[in-house]
Amino acid sequence: MRSKIEEYEAVEKAAEKFVRSVAEGDSSYAKELFIDEAVLFGYLDGELEHGSIEQFYNNVDNVSGGENFNARIDILLLEETLAVVRVLEEGWGDRIDFTDVLLLLKMNGEWKCVAKAYNQNSNTIEE
């Protein structure tokens, strides 16, 4: 059964916490979205990051989105208790473009992120 539009809006509003944290360089908004046990997977400048979401918080708190940062949220899948969200980021830290995939579960009536995986666009990798 397709979810109602208001549910799509609720998922988008949840994902906006992620984007706001990245844009402002302040993990406090993302900490409202991610559960404590959330995991992170991806390559940052060719180095594998995996494990606790704390690594993401550290990255965000040390680098703000920057002057030209831009983001787009796409809801790829929405079921009754499961959502897959893609966030396109351009210009993080004034140099990196990412595609993030967020896996959200509806827990106690609230959309929470349990996992984040990402790709750094190859033309923005510094070695």
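Out of segment 40-54, which residues are under 17 Å from LYS17 (Cα atoms) and in contact with a strand residue (DSSP E or B) (Cβ under 8 Å, 6 or more places away or on another chain)?
Result: LEU40, ILE53.
Do we find that GLU16 is touching a strand residue (DSSP E or B) at 6+ places or on another chain (Cβ under 8 Å), outside any loop (DSSP other than H, G, I, E, B) and within 17 Å of GLY93 (Cβ to Cβ) in this structure?
So GLU16 fails the test.
Rundown of residues vs (1) in contact with a strand residue (DSSP E or B) (Cβ under 6 Å, 6 or more places away or on another chain); (2) under 22 Å from GLU37 (Cβ atoms), yes/no style:
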{"residue": "GLU67", "(1), (2)": "no, no"}
{"residue": "ALA71", "(1), (2)": "yes, no"}
{"residue": "LEU76", "(1), (2)": "yes, no"}
{"residue": "THR81", "(1), (2)": "yes, yes"}
{"residue": "LEU103", "(1), (2)": "yes, yes"}
{"residue": "MET107", "(1), (2)": "no, yes"}
{"residue": "VAL114", "(1), (2)": "yes, yes"}
{"residue": "SER122", "(1), (2)": "no, no"}
{"residue": "ILE125", "(1), (2)": "no, no"}
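Do we find a residue being surrounded by 14 or more Cβ atoms within 10 Å (Cβ to Cβ), of a type in the set (Asp, Glu) and within 20 Å of LEU77 (Cα to Cα) anywhere in segment 14-33?
Yes, segment 14-33 contains a residue that is surrounded by 14 or more Cβ atoms within 10 Å (Cβ to Cβ), of a type in the set (Asp, Glu) and within 20 Å of LEU77 (Cα to Cα).
Out of curiosity, is SER21 part of a loop (DSSP other than H, G, I, E, B), touching a helix residue (DSSP H, G or I) at 6+ places or on another chain (Cβ under 9 Å) and either over 14 Å from PHE98 (Cα atoms) or of a type in the set (A, V, I, L, M, F, W, C) (or both)?
no
Among the residues of segment 40-66, which ones are among the aliphatic types (A, V, I, L, M) and loosely packed, with under 11 Cβ neighbours inside 10 Å?
LEU48
Scan segment 67-92 for residues that are part of a loop (DSSP other than H, G, I, E, B) and surrounded by fewer than 16 Cβ atoms within 10 Å (Cβ to Cβ) and jot them down.
GLU67, ASN68, GLU79, GLU80, THR81 - these are the residues of segment 67-92 that are part of a loop (DSSP other than H, G, I, E, B) and surrounded by fewer than 16 Cβ atoms within 10 Å (Cβ to Cβ).
Can we say GLY66 is small (Gly, Ala, Ser) and either in contact with a Gly (Cβ under 7 Å, 6 or more places away or on another chain) or at pLDDT below 95 (or both)?
yes
Among residues belonging to segment 108-127 that are surrounded by 14 or more Cβ atoms within 10 Å (Cβ to Cβ) and in contact with a Ser or Thr (Cβ under 9 Å, 6 or more places away or on another chain), point out the one that is farthest from LEU82 (Cα to Cα).
Top of the filtered list is GLN120.
Let me confirm something: among GLY46, GLY51, GLY109, which residue is touching a residue at least 24 places away in the same chain (Cβ under 8 Å) and not acidic (Asp, Glu)?
GLY46
The values are calculated or read from the model by the stated rules, or taken from the named source; none is laboratory data. What you see is a predicted model, and the numbers here were worked out from it, not measured in a lab. Glycine gets a Cβ as well: all are built from the backbone with ideal geometry, and neighbour counts include every protein chain shown.
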